[in-house]
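So the structure is just underneath, and the comments pick up after that.
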Amino acid sequence: MTADDTPLLPEALRASPFGWGAWPSDENDELLALARGVLEAALPAAPLAVPEPPFLGHADDKFYADDEEVPDWVLIWPVLYDHSDGVHVTAGQVAAAEAECARRGLDTTDFQEVWVRRITGWIVEKALEWCGLMVDDLDSLTPWFPELAEQYALRGLAAEKAVLALRGTVDLPASRAALTRLAADTSLPDDIRELAAYPLDR
């Protein structure tokens, strides 16, 4: 029986050479097109039932006290990392990681759905971060970037990074308008609204 090599991420995400790692400090048309492609392809069709938390780096159980319960996701993450091929993650790789996690007694509920969403979110975070921090020619981000970043915040995927990216481009009228709307949106978590409101009085 051969492993299922069906890719689980959209083609635009598989085209990213950076995965969920940091993007370069360069700024050019090719990278702008790549970032836009990633953000357009990964946007959820509707708000997530549970907002996806931000990537916490190299999570490790050693950061928890002996009397603390280590969340299952902290233990699952390194297993998935060992089994997957970054942006080229396949159904077979995720199935192998799921089987190993089940063997260890970890929670594998909706495993593929949950972890593909998380991998997607991590890739999106880095694209948002690059647009918000590395792009000096803000005009090159209009009108698509403020619109997409606002939608990520509203839909709960990479929401924190989306708001931070809007703050990084706050000199764009469209980004400031998006932050104003997000800060006033009572359907959003308080921390996201507060993050959006912070630069508006400055």
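The values are calculated or read from the model by the stated rules, or taken from the named source; none is laboratory data. All figures in this text were calculated on a predicted structure; none of them were measured in a lab. We place every Cβ from the backbone using ideal geometry, glycine too, and count neighbours over all the protein chains shown. Quick note on the areas: whole protein, heavy atoms, side chains included, nothing else; ligands and nucleic acids left out. Shrake-Rupley method; radii C 1.70, N 1.55, O 1.52, S 1.80 Å.
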Gaussian network model of the chain, springs between alpha carbon atoms under 10 Å - residue of A49, A178, A33 with greatest fluctuation: A49
Heavy-atom surface of the chain, accessible at 1.4 Å and reported per residue (Å²): 53 Å²
Simple label model, 7 Å out from Cα along Cβ direction - R104 to E147, nm: 4.3 nm
Part-to-part distance (alpha-carbon centres) for the range 88-117 and the range 173-201, which is given in Å: 35 Å
Estimated dipole of the range 62-202 in Debye, rounded to 20 [Cβ of Lys and Arg +1, of Asp and Glu -1, Cα centre]: 320 debye
Listed residues A183, A149, A127, most fluctuating in the chain (Gaussian network, C-alpha, under 10 Å): A183
Stretch gain in nm, segment Y198-A184, where the contour uses 0.36 nm per residue and the Cα spacing is subtracted: 3.8 nm
Relative contact order of the chain, defined on C-alpha pairs under 8 angstrom at six or more residues apart (%): 26 percent
Extension reserve of the Q112-S140 stretch, reckoned as 0.36 nm per residue once the Cα distance is removed: 6.5 nm
Most mobile of R167, R104, R155 in a GNM of the chain (Cα contacts under 10 Å): R104
